[in-house]
Amino acid sequence: MSTDTITAPRTRWAAIIWGVVLAAIAGAALWVLADDDRRAALADGVGTLTPATILTVVLLSAGALLLVGGAAGLVRRGQRRRTEGVAAFAPDAAEAPVAHTAE
């Protein structure tokens, strides 16, 4: 007979955060592409971009991705810290009662 404790599976918050971000990007793309006027406005806007504007958009996009990655890392760190805190209050294997079987 085993005295091991069973823990609940962890929620993968990074996957949830990235999934929400990517779903929002896909939703925005579908919203722009669904209407002819919005497509034409996007084509006109892209056609008039200057190199400085392109660099700004690239840097802002990279910053947004780093921000989301950092948020996911903070959530993961908090989840690990909370899990370690719960494990600190659990009895150690040495202190746990041992199940004896009849021999």
Test ASP4 against the stated conditions and say whether it is of a type in the set (Asp, Glu) and assigned to a loop (DSSP other than H, G, I, E, B). yes
Return the total of residues in the stretch 53-80 being open to solvent by 70 Å² or more (accessible area, probe 1.4 Å) and either in contact (Cβ under 8 Å) with a residue 60 or more places away in the chain or among the hydrophobic types (A, V, I, L, M, F, W, C) (or both). 11
Residue count for the stretch 49-103, restricted to those that are assigned to a loop (DSSP other than H, G, I, E, B) and either modelled with pLDDT of 75 or more or under 24 Å from PRO9 (Cα atoms) (or both): 7
From the residues in the stretch 11-34 that are within 13 Å of the chain's Cα centre (by Cα) and assigned to a loop (DSSP other than H, G, I, E, B), which one is surrounded by the most Cβ atoms within 10 Å (Cβ to Cβ)? ARG12
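The values are calculated or read from the model by the stated rules, or taken from the named source; none is laboratory data. None of these values were measured; they are calculated from a predicted model. Neighbour counts run over all protein chains shown; Cβ positions are idealised from the backbone, glycine included. Note: accessible area is taken over every heavy atom of the protein model, side chains too, but ligands, DNA and RNA are not part of it. Shrake-Rupley method; radii C 1.70, N 1.55, O 1.52, S 1.80 Å.
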